[in-house]
Amino acid sequence: MSKKINVGNISLSNSSQICIIAGLNVLENHDMTIDVATSLKKITKDLDIPFIFKASFDKANRSSVNSFRGPGLLDGIKIFEEVKKSLNVPIITDIHDISQIEEIAKVVDIIQIPAFLCRQTDLIEAACKSNLPLNIKKGQFLSPGQMVNIIDKCSSFGNENILLCERGSSFGYNNLIVDFLGVSELKETQNPVILDVTHSLQLPGGQGNSAGGRSNQALDLALCGAAIGLAGIFLEVHPDPKAALCDGPSATNLNDFEELASKIKSIDDLRKSLN
C-alpha cells in the first residue's frame, strides 16, 4: 500500500488524486505573491485539484554572486503569513540552513530539502525534528536506490512523513534528464513521489551566469509524470517568465497554467482509474 501523508485536508499518496504544488520560484514581492497564489487557488479549486502553494524566501544555490536570492527569512515569513491569512492554503518552502528551521516551521506545512543538500545529515536531522512532512529532492547525482538511505536516515530521526521529489538527473554537462524507470523505482519505497517538472526542464549553467530552460516542454513532462501515477506534480509559474528574477526559462506562464493543470488532472484520473 502506498503511504499516505496528510497535509491539512489533502492526502498525498501515489494512489490518491494527484496534488499540484505550484507557485513562484522565489518571492519577488508581496503583491505578485498574493496575486499568483490567488489565481492558482481559484484555478485548482475550479478544477477540483488539491493545491499546495510553493515559493522560496532565499535561493542560496545560485550560479552567480550577483543573482537575486529573495527577501530573506524574516520578510519571507511575513509574506507567507499573509498568504495563509488571505487564502488558507498549505505552503511549502525550502530551507538551506539549520538556523532557518525553527521560525519557518511556524508558518509552512511542508519543509523542502534542496537537491544539493539531500544528504546533509545535520540539516536532515534538524528538519525531521520540526515534525513537519519533508519533501526531499533527489540529488541530480543520486540514483533512485540511494534515496532509501535518506528515508532510513529520516526514520532514525523520528520522521516517517517523507515525500520523495524527482527533479532530473545530470546528463553530461548543462543538461538534465528524467528517468521514468527510476521514478517507478522511487514509488517502490511506498513513499509519496513528486515530479518537479520545472527544475527537470533546467539547463544548468546554460546561460553562463544562470540556468537555461525548456519551459515549452513542461506539458510533455507533466503528462508523463501523471501517467506513471504520482502523488504530486511540482510547477513554478510566473506572470511574465521573461522578466522573472530567477529561473524564468524553466517557468510556466501563469496564463498557461489552467490548461496544463486540466490536462494533468485528465491523465491522472485515467491512470488512477486503472489501480
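The residue pairs whose first member lies in the stretch 84-112 and is over 22 Å from residue 22 (Cβ atoms) and without any contact (Cβ under 8 Å) to a residue 24 or more places away in the chain, whose second member is among the polar types (S, T, N, Q) and assigned to a helix (DSSP H, G or I), and whose beta carbons are closer than 8 Å, counting only pairs six or more residues apart or on different chains, do not exist in this structure. If you check 160, 103, 125 for being under 21 Å from residue 33 (Cα atoms), open to solvent by 10 Å² or more (accessible area, probe 1.4 Å), of a type in the set (Asp, Glu) and at pLDDT 95 or above, only one passes: 103. Is it the case, given these coordinates, that residue 3 is basic (Lys, Arg) and assigned to a loop (DSSP other than H, G, I, E, B)? For residue 3, the condition - basic (Lys, Arg) and assigned to a loop (DSSP other than H, G, I, E, B) - is met. In the stretch 170-275, counting only helices (runs of 4 or more DSSP H) that sit wholly within it, the ones holding 3 or more residues that are over 29 Å from residue 151 (Cβ atoms) and either open to solvent by less than 20 Å² (accessible area, probe 1.4 Å) or polar (S, T, N, Q) (or both) span 257-273. Here residue 98 meets each of (1) within 24 Å of residue 252 (Cα to Cα); (2) open to solvent by 70 Å² or more (accessible area, probe 1.4 Å); (3) among the hydrophobic types (A, V, I, L, M, F, W, C) with one exception, condition (1). Being of a type outside the set (Lys, Arg), open to solvent by 20 Å² or more (accessible area, probe 1.4 Å) and at pLDDT 95 or above, is that true of even one residue in the stretch 57-72? There is no residue in the stretch 57-72 that is of a type outside the set (Lys, Arg), open to solvent by 20 Å² or more (accessible area, probe 1.4 Å) and at pLDDT 95 or above. May I ask you to list the residues in the stretch 16-71 that are β-branched (Val, Ile, Thr) and either touching a His at 6+ places or on another chain (Cβ under 9 Å) or not in a strand (DSSP E or B) (or both)? Across the stretch 16-71, the qualifying residues are 18, 33, 34, 36, 38, 43, 44, 49, 65.
If the condition is being surrounded by fewer than 17 Cβ atoms within 10 Å (Cβ to Cβ) and charged (D, E, K, R), then the stretch 1-50 contributes 4, 31, 35, 42, 45, 46, 48.
The values are calculated or read from the model by the stated rules, or taken from the named source; none is laboratory data. Everything numeric here is computed off the predicted structure, so don't read it as measured data. No Cβ is skipped: glycine too gets one built from the backbone with ideal geometry, and neighbour counts run over all protein chains shown. Each accessible area value is taken on the protein alone, full model and side chains, heavy atoms only, with ligands, DNA and RNA left out. Shrake-Rupley method; radii C 1.70, N 1.55, O 1.52, S 1.80 Å.
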